[in-house]
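What follows draws every value from the coordinates through simple rules; no lab data is involved. This structure is a prediction, so every number in the text was calculated from the model and none was measured. Glycine gets a Cβ as well: all are built from the backbone with ideal geometry, and neighbour counts include every protein chain shown.
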Amino acid sequence: MKLPASAVRFGLAGLATTLFHIAIASVLFRQWEVNASWANAISFAFANLFSYVVNSLWSFGKRIELASWRRFLSVSLVGWLLTFMIARGVEMAGGHFYLGLLAVISIVPVASYCLHRMFTFRSVTR
């Protein structure tokens, strides 16, 4: 089975976004002495915008629009909630931390890609 090019680009954009988030959080935490939770919250906001731009233009070949960014943010928040629910479910079932992490990184990116493809960047005919 061959992956769509947009899925491969989405994965690479995800890696770049993760590195972007780490860089911002590290600077905020180490250089500006922002506490870890705020450093990550601020980094999430910047990383989300970065991810939206990269995925819009490169992964899905779409224009930058406020309406699609709102959908993108909604899907991002669904991904965050799904991450929490999966990790919590594994934890409540007595599973090891790394089992939950493996479940999260196996499920959430695929679910996010599908939601972005079907909802955020769907082709709308007028």
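A few comments on the model shown:
- Full-stretch length increase - residue 74, residue 30 - with 0.36 nm per residue and alpha-carbon distance subtracted: 12.8 nm
- Here the label points at residue 111 and residue 62, each 7 Å from Cα along the C-beta direction, are separated by 2.0 nm in the simple model.
- Order of 62, 2 under a 10 Å beta carbon neighbour criterion, fewest first: 2, 62
- Percentage relative contact order, the chain, counting C-alpha pairs under 8 Å, at least six apart: 24
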